[in-house]
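The values are calculated or read from the model by the stated rules, or taken from the named source; none is laboratory data. All figures in this text were calculated on a predicted structure; none of them were measured in a lab. Cβ placement follows ideal geometry from the backbone for every residue including glycine, while neighbour counts extend to all protein chains displayed. The protein model used for the area step is the full one, side chains on, heavy atoms only, and it has no ligands, DNA or RNA in it. Shrake-Rupley method; radii C 1.70, N 1.55, O 1.52, S 1.80 Å.
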Amino acid sequence: MRKPIIAGNWKMYKTPKESLAFVSAFLPLVEGHDRDEILLFPTVTSLASVMEAVAGTNVRAGAQNMHWLNEGAYTGQTSPTMLLSIGCRHVLLGHSEQRMYFNETSERVNLKLKAAISHGMTPIVCVGELLAERENSQTEEVLRTQVRTALHNVSAAEAQRLVIAYEPVWAIGTGATATPEIAAEAHAMIRHELAHCCGSQIAQETRILYGGSVKPENISALMAQQQIDGALVGGASLVPATFAGIVRYR
Ligand code: 13P
C-alpha cells in the first residue's frame, strides 16, 4: 500500500557537470525499476539540469530546501513557484543540518510544509533526535514535538502527499546506522503522532523513510521492517553504482 521511496540527498556536493555525469551513469543501472520511487536531491545550481536529464524516466529530482513565500527580498532563498517553474515538485524540509547549522525551526518547517501542500508539492519533512536526547530517554518527546509543530493546522486532506524522514542525528554521516529495530520503534512513534495530528488513515498511508548511514549492506535489513517505507541516503547516494545497489535491494 505504501510504495517505498529511495531518495539520495547530495547535500553540498557535485557541480552541475558532476551531477549530470552521475545521472548518465545512474539511469541505465535503475532502468525499468518500478518497485520503489527513486528521488535525487541535488544542490540548487544542479537542480534545473538534473530535472531535464531525468525527465521522462523513472527518476525524479527535488530541492533540499525552500522558502514558504513566492517572492520577496530574501537573499539566498528559493521559492515554491521557482521550483515549480522548473518542474520540481519534491522538497526536503527541516533536515537536521538545516536545524543544526542554519537555525531551522519546526515552526518554519510548518510554514514551508503548508506552502508545499498549497502548491501541490510533495514535502519530505525530516525529524530526528540528537545522541544526548536519545541517551536521556527524550527520543519520543523530541519526535512528538517536531512532528506536532511541523504539522500544526495541517488537515488530513492536506497531509495526503506528506512524507516523513526519520533521521537520528547520531546516525548521520557517522557510519553508526540505527539498528532496524531502533529505527522501526521510532517510526512507530512517528506514526502514532501522525494519527494524533491527522487521523489514523493518514498515519497508515504516510511513508516514513529512514536516514542515517544507509548503505547497500544494511538497506535490506532496514527495508524488512514493516514500519520502514524507504530510505533517505546521504554519502552513499553520491556514487551511481552504490546508490543503484541501494535502490535494487532485495
Ligand atoms: P548519510 O547517509 O551520509 O549518513 O546522511 C544521511 C542524511 O542526512 C540524508 O539526508
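Probe radius 1.4 Å, ligands and nucleic acids left out: which of 137, 155 has the largest accessible area, and how do the rest follow? Display every interim value, and only then the final one.
Numbers: 137 105, 155 50 Å².
From most accessible down to least: 137, 155.
Can I get the semi-axes of region 190-239's equivalent ellipsoid? Compute them from the C-alpha gyration tensor as square roots of 5 times the eigenvalues, in angstrom, largest first. Before the final figure, lay out the partial values.
On the way: eigenvalues 133, 24, 10 Å².
Each semi-axis is √(5λ); the values are 26, 11, 7 Å.
What whole-number volume per residue, in cubic angstrom, does the convex hull of the C-alpha atoms of region 90-236 give? Could you put the intermediate results ahead of the total?
Working: hull volume 14.8 nm³, N = 147.
Spread over its residues, the Cα hull of region 90-236 gives 101 Å³ apiece.
Ratio to report: Rg/Rh of the chain, with Cα atoms as the point set and Rh obtained by the Kirkwood method; give two decimals.
On the way: Rg = 16.8 Å, Rh = 18.0 Å.
Radius of gyration relative to Kirkwood radius: 0.93.
How high is the relative contact order of the chain, in percent, counting Cα pairs under 8 Å that sit 6 or more residues apart? Walk me through the numbers before you get to the answer.
Values: 484 pairs, mean separation 52.5, N = 250.
Value for the chain: 21 percent.
Determine the relative contact order of region 40-187: mean sequence separation of Cα pairs under 8 Å and six or more apart, normalised by residue count, in whole percent. Could the numbers behind the result be given before it?
Working: 205 pairs, mean separation 27.7, N = 148.
Rounded, it is 19 percent for region 40-187.
Per the Kirkwood treatment, what hydrodynamic radius in Å, one decimal, follows for region 8-153 from the mean inverse distance over all distinct Cα pairs?
16.4 Å
Restricting the calculation to Cα positions, tell me the Rg (one decimal) and the Dmax (whole number) of region 55-133 in Å.
Taking only Cα atoms of region 55-133, I get Rg and Dmax of 13.3, 44 Å.
Label region 1-67 by shape, choosing from rounded, prolate and oblate, from the square roots a ≥ b ≥ c of the eigenvalues of the Cα gyration tensor; if a/c is under 1.5 it is rounded, and otherwise prolate applies when a/b is larger than b/c, oblate when it is not. Intermediate results must be reported in sequence, preceding the final value.
Details: a/c = 2.06, a/b = 1.31, b/c = 1.57.
Verdict is oblate for region 1-67.
Under a 1.4 Å probe, what is the accessible area of region 191-247 per residue, stated in Å²?
Working: 2020 Å² over 57 residues.
Value returned for region 191-247: 35 Å² of accessible area per residue.
Given a 1.4 Å probe, how much area per residue of region 5-47 is accessible, in Å²? Please report the intermediate quantities before stating the final value.
Details: 1990 Å² over 43 residues.
It amounts to 46 Å² per residue over region 5-47.
PRE reach from residue 242 (point 7 Å along Cα→Cβ): which of region 174-203 fall under 18 Å by backbone N?
Those under the cut-off are 174-178.
For region 90-143, what is the accessible area per residue in Å², given a 1.4 Å probe and the full set of protein chains? Mind showing how you got there, number by number?
Values: 2340 Å² over 54 residues.
I get 43 Å² per residue for region 90-143.
Can you run the Rg to Rh ratio on region 105-187? Use alpha carbon positions and the Kirkwood inverse-distance Rh.
Working: Rg = 13.7 Å, Rh = 13.6 Å.
Dividing the radius of gyration by the Kirkwood radius yields 1.01.
With a point put 7 Å past each Cα toward its Cβ, work out how far residue 105 is from residue 35 in nm, to one decimal.
The two pseudo-label positions are separated by 4.4 nm.
If contacts are Cα pairs under 8 angstrom and at least 6 residues apart, what is the relative contact order of region 149-250 in percent?
On the way: 147 pairs, mean separation 31.3, N = 102.
Computed over region 149-250, the figure is 31 percent.
Take the solvent-accessible surface of the protein heavy atoms, probe 1.4 Å, and return the percent of it on the chain that carbon and sulfur atoms account for.
53 percent
Using a Förster distance of 35 Å, how high is the FRET efficiency between residue 86 and residue 220, based on the Cβ-Cβ distance and rounded to 0.05?
Details: r = 35 Å, r/R0 = 0.99.
The pair residue 86/residue 220 has a calculated efficiency of 0.50.
Is there a pair in 11/215; 11/112; 17/114 whose C-alpha atoms are over 26 Å apart, and which pairs would that be? Before the final figure, lay out the partial values.
Values: 11/215 16 Å; 11/112 19 Å; 17/114 33 Å.
Long pairs (Cα-Cα over 26 Å): 17/114.
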